[in-house]
1. At 7 Å along Cα-to-Cβ for each site, give me the label-to-label distance between ILE223 and ASP58 in nm.
2. Could you rank the peptides 355-362, 284-291, 45-52 by their average count of other C-beta atoms within 10 Å per residue, with the highest value first?
3. Among VAL362, ILE231, ILE288, whose Cα sits farthest toward the positive end of the charge dipole of the range 231-375 (+1 at Cβ of Lys/Arg, -1 at Cβ of Asp/Glu, about the Cα centre)?
4. Stretched out fully, how many nm does the piece from ALA346 to ASP209 gain, at 0.36 nm a residue minus the Cα gap?
5. Full extension from GLU97 to ALA125: what is 0.36 nm times the residue separation minus their Cα-Cα distance, to one decimal in nm?
6. When a/c reaches 1.5 or more, the comparison of a/b and b/c decides; with that in mind, is the chain rounded, prolate or oblate per its Cα gyration tensor?
7. Taking a probe of 1.4 Å, how large is the accessible area per residue of the chain, in Å²?
8. For GLU23 and ARG282, what is the calculated FRET efficiency with R₀ set at 56 Å and r taken between the beta-carbons, to the nearest 0.05?
Amino acid sequence: MTFFKHYGIPAFNLDRQSWQLREEIISAIKQVLDSGRFVMDAQVIACEKEIARYVGVDYAVACASGTDALHLALKAIGIHVGDEVITSAFTFAATAEAIAYTGATPVFADIDPETFNLSCSSVAARISSKSKAVIAVHLFGHPAEMATLQMLCREHGLFLLEDCAQAFGALYQGKPIGGIADAGCHSFYPSKNLAACGDGGMITLHDPDHTEILRCLRNHGDIGYCHHRMIGYNSRLDELQAAVLLVKLKYLNEWNNRRRYLAARYDQLLAPLSSVTVPRVRPGCEHIYNQYTIRVPQRDKVRTGLAERGIDSRIYYPRILPEQPAFLVRGSDFRQLYPHALTAAAECLSLPLFPEMSDHDVDKVTQALADVCAK
Ligand SMILES: *Cc1c(COP(=O)(O)O)cnc(C)c1O
């Protein structure tokens, strides 16, 4: 068994985790196979219950992906054509795609250069009479500035959604993210901290009426017995994925603690490198490091240097959303509107980090980075 086929140290790898949990996962899969029930049955119900409990909310609605979780949550709160929804210029495309699916317009705000998350003052500056909601993204595993965003949204009568795709298990002022605002949207895509063996998503929330709409929307608008209350979607979660998630949820805190330990080791070993800025953690926030993202000038050169030394790394994200052809805002002045997001896109580099990495792997990465930066 070779864990790392292409690189000395990969940026991310699930092989070791799958080997460690192999028997447990296979037994969960067998149970589903023997039940003969494959879509939204006992495992999904149990998974919704466990995740609602973990996040500290009354309701959880499973769906097919994190993108669907965002889309359905926006539909459930009534976002439609003509509305504007504000989100970060520096996030995965899915956050803005979900807004566009509803017919609303994504309006991008700049970021806080220290955490890569939404800048509250930039959000405030983008609010218009058409604004209906804000989607805060807990990017890389660091909670967004929720208290200020909540105040701002309350003041202007806006909904506040959380894109929790990269931050399952992170805490904000002692509370799990996903239960803080109007709805938390989760992804169980394999690269996330709580990962299915395929796609999966969930919405966590406190509101029973929105929950009822979400349950309809994910299953063809059906309220049961082929009574179609609204035009819905096929966005159901498979029993197999729910069974896998139930196994992995038990290990999540342990894995997130291990990520934090490895991140602290990086922080310490990278401190002497003056050209490297390590990720900042705000007081009251517990970061779960879905990515350990540093800033470094001449980022592309550094990345090549690492690759030459057998160290894989990733760039999330090389281009901000307002400059992507899909979201191009014509006539807008990027330099002026998104100075911090643009700098982040030019300098960010995610180093290898996953719970199964050894301490020695971290030492090797930092040694290679010191080597490259000295050149
Ligand atoms: C992964 C991700 C999504 C989308 O989740 P999928 O399950 O892949 O659809 C949305 N937002 C962010 C920030 C993500 O990282």
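1. In this crude label model, ILE223 to ASP58 measures out at 1.8 nm.
2. Values: 355-362: 16.2, 284-291: 22.8, 45-52: 18.5.
Descending packing order for the listed peptides: 284-291, 45-52, 355-362.
3. ILE231
4. Working: separation 137, 0.36 × 137 = 49.32 nm, distance 4.31 nm.
Gain on extension, ALA346 to ASP209, equals 45.0 nm.
5. On the way: separation 28, 0.36 × 28 = 10.08 nm, distance 2.20 nm.
Separation in residues times 0.36 nm, less the Cα-Cα distance, equals 7.9 nm.
6. Working: a/c = 1.97, a/b = 1.16, b/c = 1.69.
Oblate, since a/c reaches 1.5 and b/c is not below a/b.
7. On the way: 16450 Å² over 375 residues.
Result: 44 Å² per residue.
8. Numbers: r = 40 Å, r/R0 = 0.71.
Efficiency computed from Cβ-Cβ geometry: 0.90.
The values are calculated or read from the model by the stated rules, or taken from the named source; none is laboratory data. Given the structure is predicted, the values throughout are model-derived calculations rather than measurements. A quick note on method: Cβ atoms are made from the backbone with ideal geometry, for glycine too, and the neighbour counts reach across all protein chains shown. Heavy atoms of the whole protein, side chains included, go into the accessibility calculation; ligands, DNA and RNA do not. Shrake-Rupley method; radii C 1.70, N 1.55, O 1.52, S 1.80 Å.
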